[in-house]
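For reference, the structure is listed below as C-alpha cells.
Every read-out reported here was derived from the displayed coordinates using simple, explicitly stated rules and does not represent laboratory data. Treat the numbers as computed from the prediction; the structure is a model and nothing was measured. Neighbour counts are summed over all protein chains in view; Cβ atoms, including those assigned to glycine, are modelled from backbone coordinates with ideal geometry.
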Ligand SMILES: Nc1ncnc2c1ncn2[C@@H]1O[C@H](COP(=O)(O)OP(=O)(O)O)[C@@H](O)[C@H]1O
Ligand SMILES: Nc1ncnc2c1ncn2[C@@H]1O[C@H](COP(=O)(O)OP(=O)(O)O)[C@@H](O)[C@H]1O
Ligand SMILES: Nc1ncnc2c1ncn2[C@@H]1O[C@H](COP(=O)(O)OP(=O)(O)O)[C@@H](O)[C@H]1O
C-alpha cells in the first residue's frame, strides 16, 4: 500500500475527484492547505495599493491505494490537475505499513 | 516510531482523545478534513429541494508513537471511533525515521 | 527524499518560512492544525469564569527535501521555532518514495 | 392622532423586530459551530410562528377587554375591530394597529429568549410546540396582568415600564424550568469544553440588541417626547454601566473579554427595562452596575451546578429583570413620570413592596406553568433529539445543512 | 409640511438604503466561498453608481413632468428645481428632496436584485454597464408608468403600493432574461454541488431585508399614520406567514432549513409589497402562504431546467411580485385605503383585470428590453469572465482579494 | 416641543449609536484574525466608558454654559438641571435629554475612531486610560469651541455641520500622533503581509456606518424638515460618489476591490459631514470625488512611510475631514441653510478663510495634546503589549479568547 499526497489547485479538486472515481478510486481525504513553491505568492488588493501574501491556497488530497493501483492513480491526478502554469503542485508517494477500516476492523489490503 | 493517521468522525474526536489520554498517550495533532469513501456524500437542503456534497467533514488525528505503543493505540482508536455505520473512517500506519522535540532538541525516541 | 513534518507555534511560521528561504528551500505546504502534548490545553474566558480547551492552534509545515538538505532544514526549523517554553512543537521525518511535479511531469529528485 | 408619535412607534416597532434576529446572532455565536444554524433557526422560526399567532389571537388575549383581571376577552380576535384609528385605551395618539404590532414584537422576542436554555439538544418540532403553548398559556396572561387595561398586577400598582416582569422574568424563569425538564447536553456533566463558535457574531448580535432596545424601552413611552428621551438615555447609560462593570469583573477574575462586554451590555439593558421611564437617567448607573454584578456571580454559580441552562437566560434575564423590577421600586420618581410613583429613595416603601409581590407572583407562575408545559411536550412528542443526532450536531441532524460551506 | 411625516420618510429612506447591503449579505452567503466578495461587490457598486445617476437624471426620468404617459421630462435634471419644500404632486407633506431620496433607494435595490441571476461568472465591468443601461431603459420608464404622475399604468388604475411591478417583477423577469444570455455556471449542467459558503450571513441578510422592508412598505404610505401602520402590520404578517409556510414545505420534503426560512420570509415580503397598503392586515396570511408555495415549487422546477438563474430572482421576486400584484386585485379594500379600490373579494372584478394587464405588460417589456440590453453588452464588452477565472473564483480574478485571510 | 422633531432626533441618536459597533466590525475585519476580538473590544469598551463619562461630566464640559469660549461650565454635571424640557439654547424643539444623548453618541464614536491607529499592539488598559484622557482633554474642549454656545470657533463663524472638525479631524490627527508614540507593529518595517481576516465583516461594518451616518448628518439638522432632507441626500450622494471614485482608482491601479468600495464610501461620508447641511446636494458629487482621490493617494503614500498608522484613520478621517471642512467653505450656500453662509463659489472668500483657520487650529491642538497624552500614558503604564503577546495575538493575550471556535 502507498499513500499519495497530491497538493493541487483548489479548482482542480473536482475534476481530479471525478477522474479518480472513474478509475474506481473512491476513498480519499482532502484538506485545505496553503502552499509555496516556484510560484512564490500573490499580490492582493489592500484598500489603496497592494500587498503580497506568501502562501497560496491549495488543496491536498490524500489517497491510500494498493500498490497495483499506484501508477494509474498518479497518472490520473497528474493529467487532471495540470494547467501548465506555475503552481500546479506536487505529488508525493509515501509507504504505508498498515491500514485499518474502523467500521469492521479489517486490516491491511482489505481495509482499502 | 510509527505515525498513526486516523480519519474519524468529528464527534468521535473527544472520546478518542480521552481514551488515548487514558492509556498515557497525550501528544497528538488533529485537523479538520473532508473525506469520501464508501459513504459517498450527503444530501443537504438547498432553499427548495436538496443538493449533494461529495465530501463529508471528518477529523484526522495524527499520533506518533513508540513501536511498543502502536498496538494499544490502534486498538483504542478503533474501538472508540466505531459506530458500525458507513463513514467510521480509516486508520493508516506510516514509518517515522526521526523525531525532534523543538523545545529541547531531543531527537529520536526521546522526543515522543 | 525525506518529508519533514514540523508542528510549530502559529506565530513562528513567518520566521521559519523566511529562514528556510534563506537556505534555499522555497517549496512547502502549511496547514492549520490543533495540537496537544505536554502543554495540555489553555483556559479561555467564558462570559463569567473560564473553560478549558484541550487543543491549541498550531501550524504544520510539510517540506519535502533532498536527503542532503535534511540536516540543515531540520536545524533551521528547530532554531527558528524555539521559544523554550512548552508547546514549541515536534518535528517528524518520514521517508518519501517518489515525487512528481504536476506542471512538467518531472519525477523523483528533479521534482523537488 | 399624532404623526410624530406614530413615526416614533413605527420605527420603534421595527427596532424591536430586529432584536429577534439580533438574538439569533447573539445565541448562535455562543454555541458550538455544529449547532449555529439550529440555534439561529429557533429565533427565526419563533418570529414566524408567534408573528402569526399574535394577530390571530395573542393580541386579544393580552390586551382585549379585561376578563376579571386575568385575561383579555376574545373581542379582537383576528384583529377584528382593530384599525387605523387609535385605541381609546392604549397609546391613544397612534393608530391602534401600530400599538398591536409594537406589542407583538415584544411577544416574539420573549419566546425567543427562552431558546438560550435549550440549544444544542432540543428537537425542533418540540421547540415549536412548546413555544406555541408557552406563548398562549404564559406570555399572554402575564402580559395582560401587567399591561392589560384592568390586569390585576397593573391594578395593584406594580410598575413595569417596558417588560421587566412580562418579558425578562417570564423568559428567565421559564428557561430554568424547561432546562430542568430537558436535561443537560451530552458532555456537560463531564465539563467538556463547549467553545463558542463565533464571538464576533455574538458581538454583532449584542449590538443589534442594544440598538433595538432603544425602540423597546424608549418606544414604550408610546409617545415621542420628554419621557421617551429620558427612557432612551437611561437605557443607554445602564448598558454602558453594566458593560463596564463586566469588564472590571473580568479583569478581577483574570481578563476582560468581548464575550463579557457583550453579555454585560445585555444584562444592563435587561435591568433598566422595567425602570427606564420611571427613574432619573443617572440612576441607570447604579442599576447597571448592580445588575452586572448579580448576573456575573449567578452565572458563575450556575455553571457549577448540574442544571445546564446553557446560555444563562435565567442569570441574565431572570435575575437582571428581577433586579430591575426591584430597582424601579427603589429609584422611581413621580417627577420623571407622573404615571409612575415614587420609590424607596423618595421615601415610599409601598412601591417596592408591590414590585416584590409582582416579581414573586411571576416567578412562581412562570416556573410552574412552564414546568408543566415542558413535561407535557416531553410526554407527547419528546423533547430531545437522539443521542447521536446531538453528537453530530443539530444543523445536520435537524435541518440538513451546515453553516460554512466546504472547499 | 409635517415634521412627523418627514421623520417617518427619512427613517424609511435609511431603512430602504440598508436593504441593499442586506441583499449583498443575503446573496453573498449563498454563493461558493470563492465568490462571496464578488457577489457582495455587485450590490455595493450598484449602490454607488445608481445612487449618483438617480440624482443626476434618474429621478426626473421617472418622476419628472409627464411626457405622454411614457416617461418623465428632463425638467428636474440634476435636481434642478427640487428643493426642501414639498412637491405639489408627490408626498405633499414632506420635503421634495426626501421623496427623491426615498425613491432613489428603490431604484438602487431593484438593480441590485438582478445580480442574483449572474453571480459567480459575470465580468464586473459588464455588470456595471448592464446596470446603467437597465436602470435607464427599464427601471426609469416602468417607474414612471406605474408611479409617475400621468404614467399610463397609473392612469389605467393599476395599483402597486410599494413596488410589486416596478421593483420585483421588473427585477425577477429581467433576471431570467439576462441569465439566458449569460449562460450557466461551469458545472451547473453536471449538477456539481455549489455549496453556500456562509448560511448565517444569509440569515443576517434576510433579517436586514426584513427590517428595511418596513421602510419600503410602510414608508410607501408617504405619511406617518394609520395607513403606514396598516401596511407595516401587513408586511410583518406576510413575512411570518411565508416563512412559516416554507418551514412546513421543507418538512414535507425532508427538513426545514434556515436557508429556507430566510428565503420564505423574503418571498412573503415580496408578495405583500404591491398590496401592503390596500389590504386588511389579516389578508397578509393567505398572501404569504400562497407566495411561499408558488416560489417553492417554481424554484424546484427551475432547478431542474437548464437555465442557471442562480439565486432564483425570478422564482422569488418575479413570481412573488406577480402573485402579490394579483393578490392586490383580489384582496384590496377601499375601506383600508381610499386611494385604492375594492378587489375581487369585495365584488370588483375590474381591479384584478387591471392588475393582470399591468403584470403582463411589465413581464413582456422587462423581458424583451433586458434581453436586448444583455445581448448588446455581450457583443460590445463580453459578459463572462474567462473560464479559468471562473474556476479560480471571481474574488481573486476580478477583485484581487479573498474573503477570509490566511493563517 | 415637536413630536416629529423628537422622533427624528431619537432615531438619529440610535443610528449614531449603531455606528460604533459598525466601526468595530469595519476595523475588526481589517486586522489579522488573531486580533479581531481585541480590535472590536476597543470600540465596545469605549462605548461603555465614554457613554458613562458623557452623562457624568462630558456633556457639561462640551455644552455647559460657556467659560471664555474655551470650555463649558460644570453647571450640568451629572445632568443636573438637564431634563425632559427643551434646552433654551440647543435644539429648542426637542427634549434637552435627547440632545444630550445625540451628542453623546458623537463623543463615543470619535474616541473609537482613533483605535484604528493602534490595533494589534496596544495594551488594553493603556487604551482605556488614553481614551478617558483624550476624551476629557481633547474632545470636550474642541466640541465646545465649535458647537458650544459661545465657543470661540463658533463665534469666529467657522461652520461644521455634523463634525468634520470636531469628530473627523480630531480623530484623524490624533491617530497619527498616538501611532508615532506607540510605534509600528512587529513585521511592519519588514513589509510582512498583514492580511485582513474577514472582508465581508468590513463591508458589513461600512454598511452600518453608512446607515448610521444618516442619523449623524441629517440628524444634525436637529429638526425634521427640509434641512434634514437636504443633508440626508447630500450624505448619500457623497458616499456614492466617493465609493465609485474609489472603484475607478482601484481599476486604474489594478483592480477594484470590496475593501476599496467600503473605504471609499466611508471617506465620502467623512468629507460630506461638515458640509452636509450647508451645500446643495449635487455639490456632494465633487466633494465625494475629491475626498476619495485625496484619501487614496495619501493612504498609498502613508503606507510607504515608517509610521504604522495601521488602519489609516488619518488618511480617511483626518484628510477627509479637512477636505470636507474646506469644501464647506467652497460650496456652502446661505440659500440652503440660513444659519450657514455663502462659500467661495458664491463669491464669499471669508468663509473659506475661517474654515482654514479652524482646521489649522484643530490640527495643531489635536496633534500636540494627543502626543503629550500618549507620552504620559506610555511613561506611567506603558502602551504596548509584550513582544510575544503581540506575536501570539491580542485576542488570546489580552482577552483570553479566540474569535472562531475549534473543531
Ligand atoms: N518541497 C515541497 N514540499 C512540500 N510541498 C511543496 C514543495 N514544493 C511545492 N510544494 C507544494 O506544491 C505547490 C505548488 O508548487 P509550485 O512549485 O508552485 O509548483 P510548480 O512546480 O508547478 O511551479 C506549492 O504551493 C506547495 O504547496
Ligand atoms: N483510500 C483512502 N485513502 C485516504 N482516505 C480514505 C480512504 N478511504 C477512506 N478514507 C477516509 O476515511 C473516511 C471514511 O471512509 P468510508 O469508506 O466512508 O468508511 P467505511 O469504510 O466505514 O465505509 C473517508 O471519509 C475518507 O476521509
Ligand atoms: N506524539 C505526537 N504525535 C503527533 N503530534 C504531536 C505529538 N506530540 C506533540 N505533538 C504536537 O506537537 C505540539 C507541541 O507539543 P508539546 O508536547 O506541547 O511540546 P513540548 O514537547 O515542547 O512541550 C502539540 O500541540 C502537537 O500538535
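Miscellaneous remarks
- Cα-based shape type of the protein assembly as shown, given that a ≥ b ≥ c are square roots of the gyration tensor eigenvalues and the cut on a/c is 1.5: rounded
- Segment C:2-111, relative contact order [Cα under 8 Å, separation at least 6], %: 41 percent
- Angle in degrees between helix F:284-303 and the longest Cα principal axis of chain F, rounded to the nearest 10: 30 degrees
- Calculated label separations, residue A:66, copies of the chain, 7 Å along the beta-carbon direction, nm: 3.7, 3.7
- Ordered by the count of other Cβ atoms within 10 Å of each Cβ, fewest first, D:251, F:8 give D:251, F:8.
- Fewest-first ordering of E:304, C:17, A:38 by other beta carbons within 10 Å of each residue's beta carbon gives E:304, A:38, C:17.
- Each copy carries a label point for residue D:149 at 7 Å from Cα along the beta-carbon vector; from one copy to the others these points are 4.1, 4.1 nm apart, nearest first.
- Stretched out straight at 0.36 nm per residue, the stretch from residue F:88 to residue F:345 would grow longer than its current Cα-Cα span by 89.1 nm.
- For the segment E:231-242, counting C-beta atoms of other chains within 10 Å of every residue's C-beta and taking the mean gives 6.
- Gaussian network model of chain F, Cα within-10 Å springs - most flexible of F:169, F:376, F:71: F:376
- Tensor-based shape of segment D:3-399 (alpha-carbon gyration tensor, a/c under 1.5 rounded, otherwise prolate or oblate): oblate
- FRET efficiency for residue F:149 and residue D:338, using Cβ-Cβ distance with R0 set to 25 Å, rounded to 0.05: 0.20
- Segment F:124-242 - convex hull of the alpha-carbon atoms, volume per residue in Å³: 164 Å³
- Taking the C-alpha atoms only, the angle from helix E:96-114 to the longest principal axis of chain E is near 30 degrees.
- With respect to chain B, whose longest principal axis is taken over its alpha-carbon atoms, helix B:13-22 is tilted by about 20°.
- Order of E:317, E:144, F:346 under a 10 Å beta carbon neighbour criterion, fewest first: F:346, E:144, E:317
- For residue D:191, label point 7 Å along C-beta direction: distances to other copies, nm: 5.1, 5.1
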